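The values are calculated or read from the model by the stated rules, or taken from the named source; none is laboratory data. Given the structure is predicted, the values throughout are model-derived calculations rather than measurements. Glycine gets a Cβ as well: all are built from the backbone with ideal geometry, and neighbour counts include every protein chain shown. Note: areas computed on protein heavy atoms with side chains; ligands, DNA, RNA excluded. Shrake-Rupley method; radii C 1.70, N 1.55, O 1.52, S 1.80 Å.
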Amino acid sequence: MSLMNQDGILHISLLEGQARAILIESTAMVQRAKEIHGLSKIATAALGRTLSATAMMGSMLKGRDESVTASIRGGGPIGTVLAVADSNGCVKGYVDHPEIDLPRTGPKLPVGAAVGRDGRLTVIKDMHLREPYVGQVNLVSGEIAEDFAMYFTASEQTPSLVSLGVLVSDEKVEAAGGLIVQMLPGASEAALQSVENSAGMFMDISGTIKEYHLDGAVDQLLMHLQPVVLERRESRYECDCSRGRVERALITLGAEELTDMIETQHGAQVDCHFCNKRYSFTEEDLRQLLAAATAKSEG
Ligand SMILES: [Zn+2]
């Protein structure tokens, strides 16, 4: 990790425990995503916001090696926006169309127009239970922060404010960050009012992160809400793919599909969606996987 990487996540208690905040600085993470996928500015904003929100959700998971996947399908030209985060601080993601570009109509990048709003945000949490938890909400605007706020409020029954921001120049990500503020059970009406009164401060999250970074941003954003930092966590873009994982995925395709790959393509190349690493399999490699698939189906 370079000295320039100041990324991290803070868990913060507010109003003597009546509310809480999760705050992320994700500049290096979003820059890494931009480099891996060759993201346009607007795709950087869309994926960067989604990575930031999902990384914060990953940090809220309780157990080790648990993971959360957020996918947004809004029917817009960018296609699917997807991010996966785990409880150990790793996050990864992709968009279907990283090159997407749309004309600006105002001061902000038209993320909502790229994502579309005719669709859903789906959240899948794998907490090593028999079935994963799945929550889904209709998109509000495709601007992503509002969509996550709706998810927390409607699907998890936790009234929440979400702010996400990515400041991107032609060359690089200048700053990226996010803030989730949630009311906790038993919060007073006065506490709710205090949070709502502060909401205006949360709007320019990328500007605040750029100027003050994570620790300074706590006071800038939350000064009226008696913030107490409880915990600081690492967060970074990292893909955990491996040849073994890809082999297991190929085996689960089944004997018929593998036989087809051997006979018509004489090999296979599999690209990881998250890091673009390419895994090549010769005809002989595939025959070994076919043997494993056949043994599996007979066993
Ligand atoms: Zn990968």
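Compute the whole-percent fraction of alpha carbon pairs in the range 182-288 spaced more than 20 Å apart.
Numbers: 3585 of 5671 pairs.
Pairs farther apart than 20 Å: 63 percent.
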The convex hull of the Cα atoms of the chain, divided by residue count, gives a volume in Å³ per residue of 151
Projected onto the charge dipole of the chain (unit charges on the beta-carbon of Lys, Arg, Asp and Glu, signs +1, +1, -1, -1), the Cα from ALA85, VAL137, SER26 with the largest positive-side position is that of SER26
Note: probe point = Cα of ASN276 + 7 Å toward Cβ; backbone nitrogen < 20 Å; residues of the range 63-97 passing the test are 78-84, 91-97
Once the in-chain neighbours fewer than 8 apart are removed, the aspartates and glutamates whose Cα is under 16 Å from LYS108 read GLU143, GLU146, ASP170, GLU174, ASP204
If amide H atoms are modeled at 1.01 Å from N in the peptide plane, then the residues at a separation of 5 or more from ARG120, or on another chain, having amide H under 5 Å from its own are ARG73, LEU139
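Run through the range 10-77 and list the trypsin sites (Lys or Arg not before Pro) located in a DSSP loop whose Cβ has at most 12 other Cβ atoms within 10 Å. List each step's numbers first, then the result.
Working: sites: ARG20, ARG32, LYS34, LYS41, ARG49, LYS62, ARG64, ARG73; in loops: LYS62, ARG64.
Of the trypsin sites (Lys or Arg not before Pro), the ones in loops of the range 10-77 whose Cβ has at most 12 other Cβ atoms within 10 Å are LYS62, ARG64.
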XL table LYS41/LYS62; LYS41/LYS277; LYS125/LYS172; LYS41/LYS210; Cα-Cα > 29 Å flagged, in table order, is LYS41/LYS62; LYS125/LYS172
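Only sites in a loop by DSSP and with at most 14 other Cβ atoms within 10 Å count here; which chymotrypsin sites (Phe, Trp or Tyr not before Pro) in the range 203-289 make the cut?
Numbers: sites: TYR212, TYR237, PHE274, TYR279, PHE281; in loops: PHE274.
When the chymotrypsin sites (Phe, Trp or Tyr not before Pro) of the range 203-289 are filtered for loop state and at most 14 Cβ neighbours within 10 Å, nothing remains.
Roughly speaking, what is the stretch gain from SER141 to ASP96, that is 0.36 nm per residue apart minus the C-alpha to C-alpha distance, in nm to one decimal? Spell out each step's value before the answer.
On the way: separation 45, 0.36 × 45 = 16.20 nm, distance 1.90 nm.
So the extension gain works out to 14.3 nm.
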Phi-derived 3J(HN,Hα) across the range 13-24 with the Karplus relation (6.51, -1.76, 1.60, θ = phi - 60°), rounded Hz, x for Gly and Pro, is 8, 10, 6, 6, x, 7, 8, 9, 10, 10, 10, 10
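In Å², and per residue, what accessible area does the chain have when probed at 1.4 Å with the other protein chains present? Each step should come with its number before you reach the end.
Working: 14710 Å² over 299 residues.
Value returned for the chain: 49 Å² of accessible area per residue.
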Share of accessible surface on carbon and sulfur in the range 243-298, whole %, 1.4 Å probe and ligands ignored, is 48
Restricting to aspartates and glutamates and to Cα separations under 19 Å from LYS296, and discarding same-chain partners fewer than 8 apart, the set is GLU247, GLU256, GLU257, ASP260, GLU284, ASP285
Under the helix-only model (-39500 (n - 2.57) for each DSSP H run of 4 or more, divided by the residues of the chain), the mean residue ellipticity at 222 nm, to 500 deg cm²/dmol, is -10500 deg cm²/dmol
Checking the range 169-252 for trypsin sites (Lys or Arg not before Pro) in a loop per DSSP with at most 16 other beta-carbon atoms within 10 Å yields LYS172
